[in-house]
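Enquirer: Quick one: the structure is below, and I'll ask about it shortly.
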Amino acid sequence: MALINEFQQAPSDAQRVHGTVTCGYRAFTIEGRRILQLDTYGSTDRAIPNKISQSVQLDAEGARALLGIIAEAFPDISH
């Protein structure tokens, strides 16, 4: 699990769409700090289906940064 504190653009020549999975989310407050946690679950063909594969957390600062990245990547989306 990781609390994301910075985003960096990562150029890459590899461009492909990965297989689909489900992402669970929860928001909670700890020591007065609001946290959003995203958990991805392994694909259905894994040895232990529905087991959390990766988890990332964002605080308000990280969420604002991610919103900016999303707005830049998908300019036609409005919220």
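Throughout, read-outs are computed from the coordinates displayed, never taken from laboratory work. As the structure is a prediction and not an experimental result, all values here were calculated from the model. Quick reminder, even Gly has a Cβ in these numbers, built from the backbone with ideal geometry, and neighbours come from all protein chains shown.
Enquirer: Give me the extension gain from PHE28 to ILE77: residue separation times 0.36 nm, minus the current Cα-Cα distance, reported in nm with one decimal.
Expert: So the chain would gain 15.0 nm between PHE28 and ILE77.
Enquirer: So what does log10 I(q)/I(0) come out to for the chain at q = 0.14, 0.17, 0.20, 0.27 Å⁻¹, using the Debye formula with one equal point on every Cα and no solvent?
Expert: -0.64, -0.91, -1.13, -1.24
Enquirer: Of all the stretches in the chain, which is the longest one without any exposed loop site, taking trypsin sites (Lys or Arg not before Pro) in a DSSP loop (any state but H, G, I, E, B) with at most 16 other Cβ atoms within 10 Å?
Expert: Counting at most 16 other Cβ atoms within 10 Å as exposed, the longest clean stretch of the chain is 17-45.
Enquirer: Follow-up. Using the Karplus curve 6.51 cos²θ - 1.76 cosθ + 1.60 with θ = phi - 60°, work out ³J(HN,Hα) for each residue of the range 19-34 in order, rounded to whole Hz, and write x for Gly and Pro.
Expert: Along the range 19-34, the couplings run x, 7, 9, 8, 10, x, 9, 8, 10, 8, 10, 9, 6, x, 10, 7 Hz.
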